[in-house]
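The values are calculated or read from the model by the stated rules, or taken from the named source; none is laboratory data. All of these numbers come straight from a predicted model, not from anything done at the bench. Cβ atoms come from the backbone with ideal geometry, glycine included; neighbour counts cover every protein chain shown. To get the accessible areas, we keep the full protein, side chains included, count just its heavy atoms, and leave off ligands, DNA and RNA. Shrake-Rupley method; radii C 1.70, N 1.55, O 1.52, S 1.80 Å.
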Amino acid sequence: MTGFRAYTSRLGLGALIATLWLCPAAHLALVVVNFATSVVVLALQALVACLRRVAPPRRTAPVRGPFVSIQVPAHDEPPAVLIETLRHLARLEWPSYEVLVIDNNTSDPERWRPVEGACRELGPRFRFVHIEGIAGAKAGALNWARQFIDPRAEYAFIVDADYQVRPDCLRRAFAHVTDRRTALVQFPQHYRNVTRDNAALALEFRHFFASYMHAANRLGCVPSTGTLTLIDLDALRTVGGFDTSIITEDAELGFRLLRRGYRAIFVDEPVGAGLLPLDLAGLKKQRWRWAFGNAQVLRGAWRELLFGRALTRRQKLGCLSHMTAWFNFNLIPSLSLVFLAIAAATGRLAPSQHAIIFLSAATLASFLALRFVTVAVGLRRDGNGWRAVLAAFVTHLGLGWIFSSSWISCLWDRRSRFVRTNKFIAHVVPGQLRWMMTELATGVLLLAACASMAIADLVAGPLAALAFAAIRFGIVWVLHQARATYEITARQVETRRAAPEEANAA
């Protein structure tokens, strides 16, 4: 984040805190609006998660095999990881395709030269392009690379640098392209560095596909999620490519395709596996990007969602549901409980402020109930037991600070820098405690607020503060799983180094 953007973010948060502390009437109004928004959005998410799943349409005639440009955007990736991705792409069971590796802004030649060499070794289907100084991160790189796409290509298939795909992935994708209005086919993201030690972390992410993406199929508003995505190139040209101002350019593209009348389909079949973030720092940055980017999309789409005619009501409700999937509305009530606990401890709590305490507690309680329904419904339909569902839910709660603060920052800061998720084992941040300090600090503050309000003989406030103090300490559980992810991935890397031939054959 630039100095100016960091300054505006601090200024916006300072203005919010000042409002809560100094303006009781504005404080009450803000809490009321926040409570109403939270209940409406979370109830909508729980409702759409309960919709019956529908199977996407399938072709009845054989697939004719259109030419596909498989695009692998990369920035400062571990060469071994990216080369393994390319080797899997070389095994595709598809007659006509190219692989276009788009390396952008990787300044160290030692990172991209081995990949360039691997493309030469893999044959004429593989092409490597490298550029420095391109703006717009992944979106900018994909837009720039359109000039290099083989003119025979009718579709693009986007594959992230760490994803190893199945040989039949394109055949599975085209089985659902029933006509040229089907502009996008999206597969779920899946991970290969997962064991029982970090399964809850993978399930926490899986709930988005199990609940929101199935609902999007039902409501006709499937978004792109960035990788394992088949896109009709004519449709992509029609909407003008990717938006470089949005850090979740995939979700934004899906929304624009819907506005132009195209169809998007979610196929819940794992056709590739990537890597979970290797440490807590990378995990938090990734989730910040998802939440902030979707807030950017909503910021630009709210007029269409409220007043536009391009989308049906069902599509609008579905878009609102999945675009807010990584939001929660708990920052304002949490801060309110802390500030009013201070007022109660100093004897300056006004009778009118009891309503703020009650509404803050109601916001937090309704969040726990409604978000649990959304998480549980999808994961249970996948066949997961209640113990696994609860572990995934606690993981989601442990990341709650990210989900409550990121979207709010978008209210006063329209843009954010795209931060790549680190995939280098050697670059894992050794000291992870500082990445928990915000959550731990707010947990301690909420515990203190609980004690203070209990002494003041309040009821709802202490219970809410105690519950959310416990939730903030859930970041320790997330850290435990992030460490497990690192250890699992390190063992996998060592296995490949010790027996490269056997690993490649597998």
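Quick one: Kirkwood hydrodynamic radius for segment 275-360, alpha-carbon pairs, angstrom, one decimal? Across segment 275-360, the inverse of the average 1/r is 16.3 Å.
One way to sum up the overall shape of segment 135-199 is the equivalent ellipsoid from its Cα gyration tensor, whose semi-axes run 26, 20, 11 Å, largest first. In the chain, the calculated helix contribution to ellipticity at 222 nm averages -18000 deg cm²/dmol per residue, counting -39,500 (n - 2.57) for every DSSP H run with n ≥ 4. Please report the base-10 log of the normalised intensity I(q)/I(0) for segment 165-217, using a Debye sum with one equal scatterer per alpha carbon and no solvent, at each q in 0.12 (1/Å). These q points yield log10 I(q)/I(0) values of -0.39. Within a straight-line Cα-Cα reach of under 17 Å, Lys138 can be paired with the following aspartates and glutamates, leaving aside sequence neighbours fewer than 8 residues apart in one chain: Asp76, Glu77, Asp103, Asp160, Asp162, Asp243, Glu249, Asp250, Glu252.
Computed from point charges on the beta carbon alone (+1 for Lys and Arg, -1 for Asp and Glu), the dipole magnitude for the chain about its Cα centre is near 1260 Debye. Can you give the angle from 0 to 90° between the axis of helix 475-498 and the longest principal axis of the chain, with both taken from C-alpha atoms, to the nearest 10? Roughly 20 degrees between the two axes. Here is the tail figure for segment 253-295: Cα pairs spaced more than 15 Å apart come to 66 percent of all pairs. Taking 1.002 mPa s as the viscosity and 20 °C as the temperature, the Stokes-Einstein diffusion coefficient of segment 90-231 based on its alpha-carbon Kirkwood radius rounds to 124 µm²/s. Dipole orientation for segment 391-463: of the candidates Phe393, Leu440, Thr421, Thr421 has the Cα lying most toward the positive pole (charges on Cβ; Lys, Arg +1; Asp, Glu -1).
Counting only Cα atoms, segment 362-453 measures 42, 36, 31 Å along its principal axes, largest extent leading. Relative contact order, whole percent, for the chain stands at 20, derived from Cα pairs under 8 Å and 6 or more residues apart. Among Pro95, Tyr262, Ser360, whose Cα projects farthest towards the positive end of the dipole of the chain, with charges put on the beta-carbon of Lys, Arg (+1) and Asp, Glu (-1)? The listed residue farthest towards the positive side: Tyr262.
Just to be sure I follow: if Rg is taken over the C-alpha atoms of the chain and Rh is the Kirkwood radius over the same atoms, what is Rg/Rh?
Numbers: Rg = 23.6 Å, Rh = 24.0 Å.
With Rh from the inverse mean 1/r over Cα pairs, Rg/Rh is 0.98.
Treating the beta-carbon of each Lys and Arg as +1 and of each Asp and Glu as -1, no other charges, what is the dipole magnitude of segment 356-479 about its Cα centre, to the nearest 20 debye?
580
If you take the alpha carbon atoms of segment 223-381 and fit the smallest convex hull around them, that volume is 179 Å³ per residue.
Here the dipole of segment 71-186 is about 500 debye; that uses its Cα centre as origin and unit charges on the Cβ of Lys and Arg (positive) and Asp and Glu (negative).
Sorted largest first, the principal axis extents computed over the alpha-carbon atoms of segment 74-162 equal 35, 26, 19 Å.
In the complete set of protein chains, residue-level accessible area for Asp268 is approximately 50 Å², probe 1.4 angstrom. Of the residues Phe367, Phe372, Phe358, ranked by 1.4 Å probe accessible area with the largest first, the sequence reads Phe358, Phe372, Phe367. Against the chain, whose longest principal axis is taken from its Cα atoms, helix 354-381 shows a tilt of about 30°.
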